[in-house]
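This report refers to the structure that appears directly beneath it.
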Amino acid sequence: MKKILLLIQLVYAATCLFAQAPIPYGPVPTKAQLNWHEIEMYCIIHYGVDTYTDKEWGFGDESPKLINPSDFNAMQIVNAAKTGGFKGVVVVAKHHDGLCLWPTKTTLHNISQSPWKNGKGDMVRDYQMACSKSNVQLGLYCSPWDRNNLLYGKPGYLDIYQKQLKELNGNYGPVFISWHDGANGGTGYYGGEKGERKIDRSTYYNWSETWGIVRALQPGAAIFGDVGPDVRWVGNEEGVAGETCWATYTPEAPTPGAIASNGFSQYWKAVEGTQNGKFWMPAECDVSLRPGWFYHASENNRVKTASELVRLYYNSVGRGANLNLGLSPNPQGQLDLRDVQELEQFGVYIKKTFKNNLLKKAILNPSNIRNGQTALYGSRFLTDSSRYTYWATDDKITTPFITAEFAEQQQFDVIQLRENIKLGQRIRSFSIDILKGNDWMEIAKGTSIGANRLIRLNSKIWASKIRLRITESDACVAVSHFGIYNQPLQPKTPTIRRDKQGFATILADKGQAIYYTLNGDTPNKNSKRYLNKFEFKSGGSIRAVAVDQKGRQSDIVNHDFGHSKLGWAASVSVKKAQTDPGLMIDEQSKSIWNLSFSEADSILPLEITVDMRTAATVRAFTFLPNSTGNAFVDGYQIEGSMDGKKWEKLAAGEFGNIRSNPVEQIVSMRKPREIRFFKFIITHLTGTTSFGICELGIK
Ligand code: FUL
């Protein structure tokens with residue numbers, strides 16, 4: 001009897017406590033979404049036929065025989081991600097070219113037809129094993145668009161796609177994310193029929209049924225799609241969320257081509273989400289470590305540096321979104337050393353930054369604690385390691401503050417805040433002050449916190465008293481983390497420029513020595529010291545490092561230059577209204593040659609002829625599109641000539657994924673060519689009304 005009474009009392013006490021907890025506000029994350037938030041950073045791995053054909057989107061007619069890596073090593077790839085601090089990897093099990101990297105029963109176009117492991121291999125299985133060994137979570141991407149499949153675009157394909165999802169989600173253990181993207185329909189091989197297949201992307205895949213399959217097999221997986229259902233695409237492939245970024249979202253149809261005032265190439269409301277939106281649908285920021293998603297040897301000098309990754313981290317994870325970084329194994333089946341090193345340096349830097357929350361040694365004084373229950377909602381929960389214990393205020397208190405007092409002055413340059421998102425996204429805006437003499441001085445402010453909010457100050461600040469003010473909240477606050485941190489000191493990465501005359505300059509902060517290499521080697525204190533600008537007309541790669549007086553090294557900066565364009569002239573085959581063709585060859589990526597048109601057919605094929613004035617050896621052509629245009633060049637042909645009369649076709653093809661990832665496109669030649677003139681012939685455009693070219697060049 002006594003025991004029963006005690007139990008009743010306990011249940012009563014627990015109910016009281018529960019009743020006093022803040023009521024969740026608005027939509028809240030599911031278990032799968034909570035897990036996704038905790039992961040914060042993961043990598044998506046693109047490897048397949050494109051790795052061997054030097055393309056971003058395979059056409060679908062590539063032979064599986066191309067896949068024959070000498071040293072495929074899932075462990076090396078997964079470990080590199082892990083060392084960088086990434087807690088998951090998403091394996092691209094099938095890309096748009098349709099080649100399945102696992103021995104599927106749904107199509108012969110799969111890894112069993114490749115010479116790798118005599119057709120007995122299964123790359124998805126290798127990744128699964130590597131992930132479970134390294135304690136990294138596995139995610140899977142099976143492209144809905146399949147340019148190989150005969151039935152794509154017809155009703156029969158859905159069954160195949162759903163069966164592929166069943167195999168992947170049923171046979172490889174738990175996955176944390178099921179990734180689905182929006183690229184679909186268009187030209188392709190389609191079982192040999194070739195041509196264009198159009199689909200209605202909102203009905204063709206019967207998403208409710210298709211996602212139902214994933215849900216049933218993988219209840220712990222968050223489902224990513226352009227517009228959710230669990231995780232939304234941020235709307236660019238630059239890895240950047242809006243400065244204000246809500247985890248909640250009321251989807252709207254995208255407005256293709258519209259240019260946002262904040263400079264994003266394609267404005268989707270997804271970049272900021274919706275304050276008080278209908279659904280919990282946080283943003284994923286995807287961006288590749290290299291310019292493209294697949295490996296291209298021509299991009300080996302353009303691997304993002306650790307400090308670029310740090311910037312992306314603050315612009316994605318630091319805004320409550322997740323970072324999905326693209327990794328591109330090489331034809332041998334591993335990541336290049338440079339990619340591994342940048343990941344590692346990035347991981348070390350972030351770890352060092354967040355090792356020590358200085359607020360742990362401060363006395364925290366909140367202006368209000370919910371029901372006065374310090375033990376349940378007090379400020380000590382702000383500096384513990386849990387994301388779900390929290391400081392809360394009384395229901396009516398929506399603009400509280402909290403002061404932090406140190407025994408002595410502290411130096412810091414990063415501020416971190418988190419809400420307990422199990423209770424929804426509640427806070428609209430906040431400010432941070434420091435005490436200067438007798439006055440509070442605001443040093444930072446922002447809107448939206450959610451799962452994570454980081455503010456990186458421009459310079460280090462000293463203070464012994466800091467204050468967090470919640471300036472607007474939709475409900476009483478539930479803050480789970482407040483931290484201040486000090487980034488490791490490191491000289492600023494040098495910058496490299498080349499002027500119109502073809503001279504290269506390397507700049508670093510005062511008092512720092514610069515060392516550089518021109519042969520691709522990693523520069524260090526033993527490399528050539530930079531003293532004056534030098535001639536660099538024919539281009540190539542410059543790598544530089546700054547070293548301060550204490551011997552600390554900056555990040556290494558890489559810059560790939562094409563041939564200098566001094567004296568070049570350009571002309572265009574149509575007489576329509578357009579800006580000066582010279583803008584395409586002025587070495588200024590911001591100046592754009594633009595052309596407006598109504599029907600693509602009326603201007604295509606469109607020829608741009610460039611006279612380089614003297615003959616040059618060409619290893620590759622480069623094309624930088626205008627990322628803010630309505631239309632993009634995705635079909636091209638390149639011709640070369642010595643005299644401007646007799647032309648030879650040098651290359652033709654498609655710029656896959658150019659709309660979503662409008663980076664510089666490089667068309668490499670098998671053999672270097674000696675030419676004086678080249679023609680860039682546009683054979684196809686995606687979209688209508690206007691398009692632009694920032695630069696054309698050679699390497
Ligand atoms: C996009 C695809 O079209 C790209 O090729 C790449 O896979 C990227 C991650 O997603 O939608």
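The values are calculated or read from the model by the stated rules, or taken from the named source; none is laboratory data. Note that this is a predicted model, so its numbers are computed, not measured. Glycine gets a Cβ as well: all are built from the backbone with ideal geometry, and neighbour counts include every protein chain shown. Each accessible area value is taken on the protein alone, full model and side chains, heavy atoms only, with ligands, DNA and RNA left out. Shrake-Rupley method; radii C 1.70, N 1.55, O 1.52, S 1.80 Å.
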Give the residue that is farthest from the ligand (Cβ to nearest atom), with candidates limited to residues of the stretch 180-205 that are at pLDDT below 90 and open to solvent by less than 70 Å² (accessible area, probe 1.4 Å).
Gly185
Restricting the stretch 639-671 to residues that are within 20 Å of Phe561 (Cα to Cα) and either of a type in the set (A, V, I, L, M) or surrounded by fewer than 18 Cβ atoms within 10 Å (Cβ to Cβ) (or both), which is nearest to the ligand (Cβ to nearest atom)?
Val663
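This table checks each residue for (1) in contact with a Cys (Cβ under 9 Å, 6 or more places away or on another chain); (2) open to solvent by less than 50 Å² (accessible area, probe 1.4 Å).
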| position | (1), (2) |
| --- | --- |
| Thr53 | no, yes |
| Val89 | yes, yes |
| Pro103 | no, no |
| Leu108 | no, no |
| Lys117 | no, no |
| Tyr127 | no, yes |
| Tyr141 | no, yes |
| Arg147 | no, yes |
| Tyr152 | no, yes |
When the stretch 531-553 is checked residue by residue, the ones that are open to solvent by 30 Å² or more (accessible area, probe 1.4 Å), assigned to a strand (DSSP E or B) and of a type in the set (S, T, N, Q) are Gln553
Among the residues listed as Leu168, Leu217, the single one being open to solvent by 70 Å² or more (accessible area, probe 1.4 Å), under 29 Å from Gln137 (Cα atoms) and in contact (Cβ under 8 Å) with a residue 40 or more places away in the chain:
Leu217
Cβ-Cβ distance below 7 Å, separation of 6 or more or different chains: which pairs start in the stretch 655-672 with a residue that is modelled with pLDDT of 95 or more and end on one that is part of a strand (DSSP E or B) and within 16 Å of the ligand (Cβ to nearest atom)?
Phe655/Asp634; Phe655/Gln665
When residues of the stretch 64-84 are filtered for being hydroxyl-bearing (Ser, Thr, Tyr) and either touching an Asp or Glu at 6+ places or on another chain (Cβ under 7 Å) or without any contact (Cβ under 8 Å) to a residue 40 or more places away in the chain (or both), how many remain?
1
Say whether the condition of being closer than 21 Å to Thr403 by Cβ and outside any strand (DSSP E or B) is met by at least one residue in the stretch 456-471.
no
For Ser208, all conditions in the list (1) farther than 24 Å from Val89 by Cβ; (2) more than 16 Å from the ligand (Cβ to nearest atom); (3) open to solvent by less than 80 Å² (accessible area, probe 1.4 Å) hold save one; what is the number of the exception?
(3)
Determine the pairs where a residue that is surrounded by fewer than 12 Cβ atoms within 10 Å (Cβ to Cβ), located within the stretch 509-530, has a partner that is not in a strand (DSSP E or B) with Cβ atoms under 7 Å apart, the partner being 6 or more residues away or on another chain.
Gly511/Asp548; Gly511/Gln549
